[in-house]
1. Would you kindly calculate the mean projected area, averaged across all directions, of the convex hull enclosing the Cα atoms of the stretch 7-164, in square nanometres?
2. Amide H to amide H, which residues 5 or more places from residue 397 or on other chains are under 5 Å from it, using H placed in the peptide plane?
3. Given a Förster distance of 25 Å, report the FRET efficiency between residue 192 and residue 233 from their Cβ-Cβ distance, rounded to the nearest 0.05.
4. Tell me, what is the 1.4 Å probe accessible area of residue 488, in Å² to the nearest 10?
5. When the accessible area of the stretch 191-291 is computed with all protein chains present and a 1.4 Å probe, what percentage of it is carbon and sulfur?
6. As an exercise, use a Förster radius of 22 Å and the Cβ-Cβ distance of residue 51 and residue 119 to find the FRET efficiency, rounded to the nearest 0.05.
7. Quote the FRET efficiency, to the nearest 0.05, computed for residue 296 versus residue 491 with a Förster distance R0 of 51 Å and r equal to the Cβ-Cβ distance.
8. Skipping prolines and chain starts, which residues have an amide H placed within reach, meaning under 5 Å, of the one on residue 117, given they are 5 or more residues away or on another chain?
Amino acid sequence: MADWRGLETDRATILAQYDLDAGGFDALDGITDFAAALCGAPISLVSIVEDVRQRFIARTGLEAEGTPRDLSFCAHAMLEDAIFIVPDARIDPRFADNALVTGAPHICFYAGAPLIDGDGVPLGALCVIDSTPRADLTLLQRQGLSILARQVTAQLHSRRRDREMTSRQLRDAEALAESNRMFRTLADTMPQLVWAARPDGYNDYFNGGWYDYIGIPPGTSEGERWVDAIHPDDKERAFDRWNRSLRTGEPYEIEYRLRHHAGGHRWTLGRARPIRDDEGQIIRWIGTCTDMHEQKMMMEEREMIAHELSHRIKNIFSVIGGLVGLSAREHPEMAAAADDLRERILSLGRAHDFVRPHSGDSGASSGHATLCGVLDQLFAPYRGKGRSRFVFSGEDIEVDDRSATPLALLFHELATNAAKYGALSAADGVVRLHVAQDGGDVRIDWREEGGPPVSPADTEGFGTRLMALSVERQLGGRMARKWRPDGLEISVWIPRRAMHRARPGKA
């Protein structure tokens, strides 16, 4: 193991020749994508270790552009002669207290292949990271990570400025050519479907896994013949998306059904990234296809079950409303209370119907599940002729089925009270709602105008307690009320996380 800790000045001189601040490392993103797929890891990085920090010049699965050097795993990996493995950083005394282990991204497993300059100077590492421990990489993954590290080094060498074509550069070019040959060999041994294309989109390479998966002879998918393996209903969409990526240079990603050698078609996820030269011109496309058929079928089954459950819940609202109405007819003295209860139930039903899972047909007309959308459904009975009684402004916040119920109860009570005693009881009265971010909260201001004079109630009624329960107990927020001469004003602060669940895979 070489020790460069006492030669940081020499390393800084070598690193300066790579002009890291100039950027332009997009071509390496395809390598980190490939390394992550090869090793089955959520994160892959090309890390260059500098004097006080490590810089991620290519990354997959991580937004950070670098970290302090004293937190760097790659500072250890670059000093090794082979791949540096940390099976479980949580119990490794070198890393157990590391902020990248105890906090995000919660590193457990780490594997890094050193990046060594042509002069033998360690630059950093190509690494893969997982938040769960592992014993080791497979032999194929070790070989593949080493090959990819050499390809990173070869591409970094091409960035050397103001250098003449020396014999060493020729050796680098030969090493790059050899790396490309080994890359194809590695791709042919991978279980994933791997393909490559020229800048004009002509597909000139598919690995053995592609032909085995589809069940056709090698060499019969080149050019545009790969489209023949796609389900007829998906062909036009897949071809249009590919042509758009060729025109714009943006990454290619699409789900389509691919013919399978066992018969029929299976859902796959197709992805591709462009590799660019130092001038930013696309010189290659590298792509993969990943079988996701079982996952797709499970998602469709869950959506169908969720749709059926939501439909039954909506029916329950209708049944409860009908039972309340029946009881009111049998007991006329309960009519007023029953009418109020039935209206609350129906408002919950309207809110639930708006945010419930929809099929492709119903979803097209339902719109997005947003706060303004839910309120528009709730306030439909109060719409005036020729003009709106409610004026919305500010942001439109996404909501889900969890928050829709307490929101519906809150604004149903406010609208009912406004119709009985406030702005909506007057012909020219309006309600203004403004939604805005306030730190980590969503602030909603309800302001009534043009109604009769109002004054604070002497006692706290059921409706007031219901609103407080909805905001404070169910949504974890707070509410402030102000009795103004021209109408009631209420401000509500609700944590943004309580409005809707975070989407899978989104930080």
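The values are calculated or read from the model by the stated rules, or taken from the named source; none is laboratory data. The structure presented is a predicted model; accordingly, all values stated were derived computationally and were not measured. Note that we place each Cβ from the backbone using ideal geometry, even for glycine, and neighbour counts take in every protein chain shown. The area values use the complete protein model at the heavy-atom level, side chains included, leaving out ligands, DNA and RNA. Shrake-Rupley method; radii C 1.70, N 1.55, O 1.52, S 1.80 Å.
1. Values: hull surface 35.5 nm².
One quarter of the hull surface, i.e. the mean projection, equals 8.9 nm².
2. Excluding prolines and chain starts, which carry no amide H, the hits are 371, 372.
3. On the way: r = 24 Å, r/R0 = 0.98.
In this case the efficiency is close to 0.55.
4. That residue has around 20 Å² of solvent-accessible surface.
5. On the way: 2330 of 4930 Å².
Accessible surface attributable to carbon and sulfur in the stretch 191-291 totals 47 percent.
6. Efficiency computed from Cβ-Cβ geometry: 0.75.
7. Working: r = 45 Å, r/R0 = 0.88.
Plugging the Cβ-Cβ distance into 1/(1 + (r/R0)^6) gives 0.70.
8. 123
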